[in-house]
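Values quoted throughout were computed directly from the atomic coordinates according to the rules given, and no laboratory measurement underlies them. From a predicted model like this one, the values you see are computed outputs, not experimental measurements. Don't worry about glycine lacking a Cβ; one is built from the backbone with ideal geometry, like all the others, and counts go over all protein chains shown.
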């Protein structure tokens, strides 16, 4: 009585798949590198504006609270404490608006990274499909 033949693994297909996966990984890394460069080229000015806004806010709050508040308190005959609070609130609101604009621009610059994510997802789907197809072919070739 003959024993059933078991299909041998198709080494050439596995090696071809491995080569394709390595090529895809390399291309994915190259694309990610380009996307990071593009992100920083777009976000460079926004980053500078964000830092400038933060430095301005931190540097001007005490100066504005002490100098402008005293000047306005004297000019309008208002207690200095009230004027310090008003000037401080104004400068803080200005700094927050400036930083919010910079963060918004940085979010727009981050769209370049979306391209790598989409391409990686497509590549993973393709690999799953190829592996599933290869498994199905091996199951069809097996004799029970």
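Per-residue packing, averaged as other Cβ atoms within 10 Å, sorts the ranges 17-25, 40-48 into the order 40-48, 17-25, beginning with the highest. Residues of segment 30-68 with an amide N closer than 19 Å to a point placed 7 Å from the Cα of residue 94 along the Cα-to-Cβ direction: 49-68. With a simple spin-label model that places each label point 7 Å from the Cα along the Cα-to-Cβ direction, the separation between residue 123 and residue 16 comes to 2.0 nm. Computed from the C-beta positions of residue 51 and residue 72 and an R0 of 35 Å, the FRET efficiency is 0.75 to the nearest 0.05. Modelled this way, with points 7 Å down the Cα-to-C-beta line, the labels at residue 115 and residue 63 are 4.1 nm from one another.
Short to long, the 10 Å bins of the Cα pair-distance histogram for segment 11-135 hold 12, 23, 17, 14, 12, 10, 7, 4, 1, 0 percent of all pairs. Here segment 79-102 and segment 28-42 have alpha carbon centers that stand 37 Å from each other.
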